[in-house]
Each structure stands twice: as C-alpha cells, then as structure tokens.
Amino acid sequence: MTPPLDTLQSLINTWFGRVATGDGDETLQSPADLARWCRGHGVDVADGEISAADLELALAVREGMRAALARHNDAEQPADAAARERLDQVASDLHLHVTLDGGRPRLRPREVAPVRHLMATLLAAAVLADQDRTWQRLKVCREPRCRAAFYDTSRNNSGVWCSMSACGAAAKQRAFVERRRARNAAARRAAAP
Ligand SMILES: [Zn+2]
C-alpha cells in the first residue's frame, strides 16, 4: 500500500472496536487529538490551528470511508448509508484540481487549511487507488464489533478479517458454538417422546 492510502487506513483506525466488550475506543476526541494525529502523518500543525469544524470534517471523512470500504467485504452496517451521505456532503465542499506539473496529470488539493488539505489529499488518494486497483484491497473487518481498516495482501483478495488470530478466531468460535447448539437442539428433539 502506498502513501497516502496508508494515511487513510490510519485515519479510519483512530476509532477501533473492542471485540471483547463490543464497544470502541475513540482516539480523536478533541481538536488537539486531531492535531497530534496530523503531526504523526507529516502535517506540521499546532494544536490551536485545528478547529471543532476540522474535527467534524475528519470524522465525516473517516466514517464515510469506513462505510465505503465495508462494501469491499460484503459487510454493510445499518449506519453505513448515512455515513456515506455525510461524506458526499463534505466532499462536495473540498476543492481539488488537475495539474500537469511535470507533464503527467495529477489530482491536487486546492485547500490551504491543513486538515482540509489533508482530507482532500485522502479523497484524491482514493481516486488513484481505484484506478490502480489497490482500493478493492483496503477493507473494513467483517467482525461488526471491530470494523478496523486493513489492507488485504492475500493473493486472491479474499481476506475478510483484520486479523485471523483475533477477529477470525472469534468468528470461528461463534460458528462452533452455533453448530453445537444446533446439534444439541436436534438431539433433544430426537430424544423427545
Ligand atoms: Zn477485526
């Protein structure tokens, strides 16, 4: 996966579900949290430069992208349509332009404010990834309590869980319990007079 698609993955994973408890951990709780995350991705920005509107934009991009990527894994959630609509709304307000600087066409953000610039960069990255077919490999874990973004490196793009040892194992365990329950129910029915 090439940058900045990995930045998009990192943004999505600023919220991650806890499989054990069913709730999640939000690491972007304030504009200062977002400033810290931006600095971790090469955007030099002070805490005071990030507004509440910036945080709202980043969260709309994050959840809209999570919803879009869930479809790569056949794992839509009830809230996905609303999140995608919200992303459509905020994306229509972000400006990008085509440049032929260096002779090759490039899609570039036309935003000055750091968070808006970065979010426009991530949208452009999604367009590029769709063209080079890496977009289909960026997925959201099928485990509904996890929903982490992961890059599927399997040969035939068949991965469905972020990690076989965590979410894959949890799904297998559930399937095992369900099979046993069904077997026991059938045995009880057979034993009934
Ligand atoms: Zn997972």
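Side notes on the structure shown:
- Number of residues in region 120-135 that are of a type in the set (Gly, Ala, Ser) and outside any helix (DSSP H, G or I) equals 0.
- Flag if residue 135 is in contact with an Asp or Glu (Cβ under 7 Å, 6 or more places away or on another chain), hydrophobic (A, V, I, L, M, F, W, C), buried (at least 17 other Cβ atoms within 10 Å of the Cβ) and within 13 Å of residue 73 (Cα to Cα): no
- Region 50-78: number of residues that are touching a Leu at 6+ places or on another chain (Cβ under 8 Å) and surrounded by fewer than 22 Cβ atoms within 10 Å (Cβ to Cβ): 7
- Region 79-99, subset buried (at least 17 other Cβ atoms within 10 Å of the Cβ) and under 18 Å from the mean Cα position of the chain (by Cα), residue modelled with the lowest pLDDT: 80
- Verdict on residue 42 being open to solvent by 30 Å² or more (accessible area, probe 1.4 Å) and either within 27 Å of residue 134 (Cα to Cα) or within 16 Å of the ligand (Cβ to nearest atom) (or both): yes
- Qualifying residue in region 152-165 (condition: assigned to a helix (DSSP H, G or I), more than 13 Å from the ligand (Cβ to nearest atom) and β-branched (Val, Ile, Thr)): no
- The criterion of being of a type in the set (Ser, Thr, Tyr) and under 24 Å from residue 159 (Cα atoms) holds for residue 2.
- Residue within region 136-146 that is part of a helix (DSSP H, G or I) and either away from the ligand (no atom under 14 Å from the Cβ) or over 18 Å from the mean Cα position of the chain (by Cα) (or both) present: yes
- Qualifying residue in region 176-191 (condition: within 11 Å of the ligand (Cβ to nearest atom), out of contact with any Pro (no Cβ under 8 Å at 6 or more places or on another chain) and open to solvent by less than 70 Å² (accessible area, probe 1.4 Å)): no
- Any hit, region 111-128, residues being in contact with a strand residue (DSSP E or B) (Cβ under 8 Å, 6 or more places away or on another chain), open to solvent by less than 90 Å² (accessible area, probe 1.4 Å) and acidic (Asp, Glu): no
- Listed by position, the helices (runs of 4 or more DSSP H) contained in region 1-88 that have at least 3 residues being in contact with a Phe, Trp or Tyr (Cβ under 9 Å, 6 or more places away or on another chain) and without any contact (Cβ under 8 Å) to a residue 60 or more places away in the chain are 52-70.
- Index of the failed condition, residue 13 passing every other in (1) away from the ligand (no atom under 14 Å from the Cβ); (2) open to solvent by 20 Å² or more (accessible area, probe 1.4 Å); (3) within 18 Å of the chain's Cα centre (by Cα): (1)
The values are calculated or read from the model by the stated rules, or taken from the named source; none is laboratory data. Just so we're clear, the structure is a prediction, and the values are computed from it rather than from any experiment. Glycine also receives a Cβ, built like all others from the backbone with ideal geometry; neighbour counts cover every protein chain displayed. Accessible surface areas use protein heavy atoms only, side chains included; no ligands, DNA or RNA. Shrake-Rupley method; radii C 1.70, N 1.55, O 1.52, S 1.80 Å.
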